[in-house]
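Data block below; observations after.
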Amino acid sequence: MEFAVVEGESFSPSCPTLIMPALSIGNVGQLSVDLLISSAKARRVAYLDEPSVLPCAGNDAFGPDVVGDLALALEAYESTSHRLAFIQQRSPVITGMMVSFAKNVAEFIRSVGKNHIVILSSLDSGKQRVIDASSDMQVYYLSSCNGDGSDPEYEKLGWKKLEEYDPSHKSWGFLTGLVKGGDFSEDMVDDTDEMTINDYYASLPFAALFSACKAKGLKVSCVLCYCSEGDNMPESFQLAEAVCKLLGDSPEKFHGNGPNGWTIPLSWKSVYGPPPDMSIF
């Protein structure tokens, strides 16, 4: 992966934690990263050039006013006041190149000195085994802290480890082999009719990013939620708040003028209109 640093900017060692999305249903990860970048008033520090990501360009996503600055498919941001770095991804990975993308991202992150990677993503609610209709959105996680993906610190937050993560399962082992440079084809050779739920989760973008970062020796956490397609602003707010809990921070410290202290990105306003009343969630 190549990158071009914005004139006058550089990657700061005072921003050791990097937050990025893994594209999935409802784009919740991307929306949450937009919300965090906007609220932290993070500066764009680099444009990233990754051949496995489809190119795209649009107007500046954050404003507060439309000024004509281009937003590209992959960009890096930093907020030294919050000690956070971000990668925002605005277009999908080319089919069959997810593992290559994950490996390149992990190497880039390592090269710029980030040591804790937080991956935000959503999961298809149609695949959820048990639905608890009596509670708010449940946050699930994976952590490189232990081999089975568990982390006692995240359990204290009331989160649940993603049960479908099983490093001994053939698909998760296959993925680990790929990111470590194993001589395999990225296409599963098994009959898709025989695929289990573990195979499904191992095929998602967050799984490749988690495995690639872990293989590089980086501390990596996935913060996940189930959702359906539609207006997923509520899930994006709650996933961003989950990140604040993980980092021991609070949304109010972002000093925004939106719901619960957030600053709503300019790009949201033309698509979604006014933000929801978060007090009802």
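Figures for the structure shown
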| quantity | calculated |
| --- | --- |
| Exceeding the 24 Å Cα-Cα cut-off - candidates 127/160; 103/160; 160/245; 160/219; 127/219 | 103/160; 127/219 |
| DSSP-assigned coil residues among GluC sites (Glu not before Pro) in region 1-51, each with at most 16 further Cβ atoms within 10 Å | 7, 9 |
| Using a Förster distance of 51 Å, the FRET efficiency for residue 197-residue 67 (Cβ separation, nearest 0.05) | 0.65 |
| Of all accessible heavy-atom area on region 42-106, the percent that carbon and sulfur account for (1.4 Å) | 59 |
| Potential extension, residue 249-residue 4 segment - 0.36 nm per residue separation minus Cα distance | 85.1 nm |
| Neighbour-limited loop hits for trypsin sites (Lys or Arg not before Pro), region 77-162 (at most 12 other Cβ within 10 Å; DSSP other than H, G, I, E, B) | 129, 156 |
| Surface accessible to a 1.4 Å probe, per residue, for the residues of region 27-159, Å² | 42 |
| Region 1-139: C-alpha gyration tensor shape, a/c 1.5 cut-off, then a/b vs b/c | prolate |
| Net +/- balance of residues flanking residue 12 in space, Cβ distance below 14 Å, scoring K and R +1, D and E -1 | +2 |
| Phi-based couplings in Hz for region 89-97 (Karplus 6.51, -1.76, 1.60; Gly and Pro marked x) | 10, 10, 9, x, 7, 4, 3, x, 10 |
| Cβ-based net charge around residue 2, under 13 Å, with every Lys or Arg adding one and every Asp or Glu removing one | -3 |
| Residue 97 accessible area, assembled protein chains, probe 1.4 Å, Å² | 60 |
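The values are calculated or read from the model by the stated rules, or taken from the named source; none is laboratory data. Quick caveat: nothing in here was measured; it's all calculated off a predicted structure. Please note: Cβ atoms are built from the backbone with ideal geometry, for glycine as well, and neighbour counts cover all protein chains shown. Ligands, DNA and RNA are excluded from the accessible area calculation, which covers all protein heavy atoms including side chains. Shrake-Rupley method; radii C 1.70, N 1.55, O 1.52, S 1.80 Å.
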